[in-house]
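Novice: This is the structure I have questions about; it appears just below.
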Amino acid sequence: MPKILKMSGNITFTMLKPDAVEANNIGPILAMINKAGFKIKAMKYLRLSREQAGMFYEVHKERPFYGELTQYMSSGPIVAAILEKNNAVSDFRKLIGATDPSKAEEGTIRKMFAKSIAANAVHGSDSDENASIESSFFFSKLEQF
Ligand code: CMP
């Protein structure tokens with residue numbers, strides 16, 4: 001048997017976005033996340049300033065949708081959380097579905113709850129490295145369990 005050289009990480013970072021909060025979908029989305037086997041390692045309910053949203057999404061700074069994205073993400077409260085599970089990043093991306101909800105598979109969180117590509121209900125880290133960067137943007141070591 002060949003050795004697995006690169007272990008996938010066991011944490012990912014998520015935000016339940018302003019549309020999900022506004023529509024009272026925090027509870028149903030968290031229930032789906034728990035049911036899929038993710039443990040909540042850290043959690044906060046807060047509203048980002050436009051500047052903070054800009055810092056979080058700095059990797060997208062040159063994209064045409066950056067202005068819309070940061071405006072939207074600062075438009076209301078969000079839930080930020082660190083989730084733990086084996087293979088967390090890729091399993092969570094499967095659970096949430098495609099960025100554009102019209103392309104998301106049936107049964108995924110975005111298919112069920114997202115309104116548009118910007119108001120797409122949830123964020124999920126796209127790599128182990130970004131999961132770690134994004135988690136530490138919101139949470140200190142003392143806030144992780
Ligand atoms: P998220 O997973 O939070 O990561 C980056 C976000 O940018 C993405 O979800 C979308 O909400 C948003 N996004 C990506 N493409 C577009 C687009 N074409 N127009 C508006 N927002 C977009």
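Each row is one residue, and each column tells you yes or no for (1) free of Cβ contacts under 8 Å to residues at least 12 places away in the same chain; (2) more than 14 Å from the ligand (Cβ to nearest atom); (3) farther than 22 Å from PHE92 by Cβ; (4) not acidic (Asp, Glu).
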residue: ASN34; (1), (2), (3), (4): yes, yes, no, yes
residue: ILE40; (1), (2), (3), (4): no, yes, no, yes
residue: LYS44; (1), (2), (3), (4): no, yes, no, yes
residue: SER49; (1), (2), (3), (4): no, yes, yes, yes
residue: GLY54; (1), (2), (3), (4): no, no, yes, yes
residue: GLU58; (1), (2), (3), (4): yes, no, no, no
residue: GLU68; (1), (2), (3), (4): no, no, yes, no
residue: ILE78; (1), (2), (3), (4): no, no, no, yes
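Novice: Let me ask something else about it. Give the residues of segment 1-40 that are modelled with pLDDT of 95 or more and part of a loop (DSSP other than H, G, I, E, B), sorted by residue number.
Specialist: Selection gives ASN10, LYS17, ALA23, ASN24, ASN25, ALA36, GLY37, PHE38.
Novice: Still on this structure: Looking at GLY97, GLY107, which one is crowded, with 18+ Cβ neighbours inside 10 Å and not hydrophobic (A, V, I, L, M, F, W, C)?
Specialist: Going through GLY97, GLY107 in turn, the sole match is GLY97.
Novice: With the requirement that a residue be within 12 Å of the ligand (Cβ to nearest atom) and either farther than 15 Å from THR14 by Cβ or part of a loop (DSSP other than H, G, I, E, B) (or both), what does segment 105-121 give you? Quick ask: steps written out before the conclusion?
Specialist: Restricting attention to segment 105-121, the residues satisfying the condition of being within 12 Å of the ligand (Cβ to nearest atom) are 109-110, 114-121.
Correct list: ALA114, LYS115, SER116, ILE117, ALA118, ALA119, ASN120, ALA121.
Novice: Looking only at residues in segment 122-145 that are acidic (Asp, Glu) and in contact (Cβ under 8 Å) with a residue 40 or more places away in the chain, which one is farthest from the ligand (Cβ to nearest atom)?
Specialist: Restricting to residues being acidic (Asp, Glu) and in contact (Cβ under 8 Å) with a residue 40 or more places away in the chain, the top hit is GLU143.
Novice: Look through SER75, SER49, SER125, SER135 and report the one residue that is surrounded by fewer than 15 Cβ atoms within 10 Å (Cβ to Cβ), among the hydroxyl-bearing types (Ser, Thr, Tyr) and at pLDDT 95 or above.
Specialist: The conditions single out SER49.
The values are calculated or read from the model by the stated rules, or taken from the named source; none is laboratory data. Not measured: the values here are computed from a predicted model. Because the Cβ atoms are built from the backbone with ideal geometry, glycine has one as well, and the counts that use them run over all protein chains shown.
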